[in-house]
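Asks: Have a look at the structure that comes next, please.
What follows draws every value from the coordinates through simple rules; no lab data is involved. Predicted, not measured: the structure shown is a model, and the values here were computed from it. Positions of Cβ are generated from backbone atoms using ideal geometry, with glycine treated the same way; all protein chains shown enter the neighbour counts.
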Amino acid sequence: MAEQRKSFHSELDEIRDEIVQLGALVSEFIPRGTEVLLTNDMKGALALIEADDQLDALTLRIEEQCYNVLALQQPMASDLRSIVTAVWLTGELERSGDLMVNVAKAARRIYGATLDPKLKGLIERMSEEASRLVKLSLDAYVERNASLGAAIDDIDDALDAIHGDYIEAIFESHATHDLGLQAAVQLALVGRYYERIGDHAVNIGQRVQYMVTGWLPEQTGAARLKARASFELPADLDPPGGDADAT
């Protein structure tokens with residue numbers, strides 16, 4: 001039994017290391033995609049789009065490892081939460097990488113468009129914040145730091161604020177700097193991609209909390225719903241005070 005547990009925790013360590021590798025790949029995608037967008041680098045855009053295959057392959061390998069551990073080891077309690085969290089994190093990271101592939105695709109669609117300095121600056125800031133959030137979410141996972149995982153939701157507010165400024169800047173650039181409508185639409189989508197990466201980092205932080213403590217934010221809502229249901233009157237009873245139209 002001791003040898004079986006040793007093997008199990010060795011497999012958990014391997015899964016953790018591969019998730020870190022996946023996170024590093026996603027972290028690399030963010031500045032690469034940003035650079036492609038800001039410099040009209042079509043060769044770089046194609047390279048990033050093709051690199052998505054590497055991301056997908058690593059994602060599948062991690063998921064298969066997790067399912068094998070679930071089937072063969074039948075973990076319980078915190079060990080089970082660690083495996084479930086690994087599956088969730090893999091999906092969140094893979095979708096974050098996909099979002100940067102979408103940025104590269106948007107760069108190809110608006111090739112030749114001129115971005116004013118304000119837009120470029122805001123894109124760089126969104127990229128930096130998205131990278132920071134991914135790194136913090138991975139740190140929380142590796143360190144099993146539930147407090148850091150919880151804090152990511154508040155840290156994400158900075159990216160949300162920059163995104164709001166960015167949308168206003170797109171309207172301004174369309175009105176005063178001859179930014180075409182097609183380019184404006186694509187740039188608005190780009191901003192949404194960065195903002196969504198922040199959301200995925202928040203989700204990872206919440207899953208880290210679950211891994212460490214067994215608690216999820218959704219459990220609070222479920223408890224409120226259960227409490228409200230316990231105070232509901234049967235459908236065949238009148239509300240307090242009776243019918244307002246009764247004589």
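Asks: Of the labelled options [x] 19.8, 74; [y] 18.0, 55; [z] 23.2, 81, which one gives Rg and Dmax of the Cα atoms in Å as computed for this structure?
Replies: It is the value labelled [z].
Asks: Between Y111 and H9, what is the label-point separation in nm under the 7 Å Cα-to-beta-carbon projection?
Replies: Output for this residue pair reads 5.4 nm.
Asks: Simple spin-label model, 7 Å along Cα-to-Cβ: W215 to E64 in nm?
Replies: 3.9
Asks: At most 15 other C-beta atoms within 10 Å and a DSSP loop state: those are the exposed chymotrypsin sites (Phe, Trp or Tyr not before Pro) I care about. Give me the longest piece of the chain that has none.
Replies: Values: sites that count: Y111, W215, F231.
Excluding the exposed sites themselves, the longest stretch runs over 1-110.
Asks: So which helices of the chain fit the span-like rule, where a helix is a whole DSSP H run, its Cα atoms reach 20 Å or more along the axis, and its mean Kyte-Doolittle is at least -0.5?
Replies: Values: long enough: 2-39 (56 Å, -0.20); 42-73 (47 Å, 0.23); 77-109 (48 Å, 0.08); 117-143 (39 Å, -0.24); 157-176 (29 Å, 0.01); 181-213 (48 Å, 0.11); 217-230 (21 Å, -0.89).
Answer set is 2-39, 42-73, 77-109, 117-143, 157-176, 181-213.
Asks: Please state the charge dipole magnitude for the chain, taken about the Cα centre, from unit charges on C-beta atoms (+1 on K and R, -1 on D and E), reported in debye and rounded to the nearest 20.
Replies: 440
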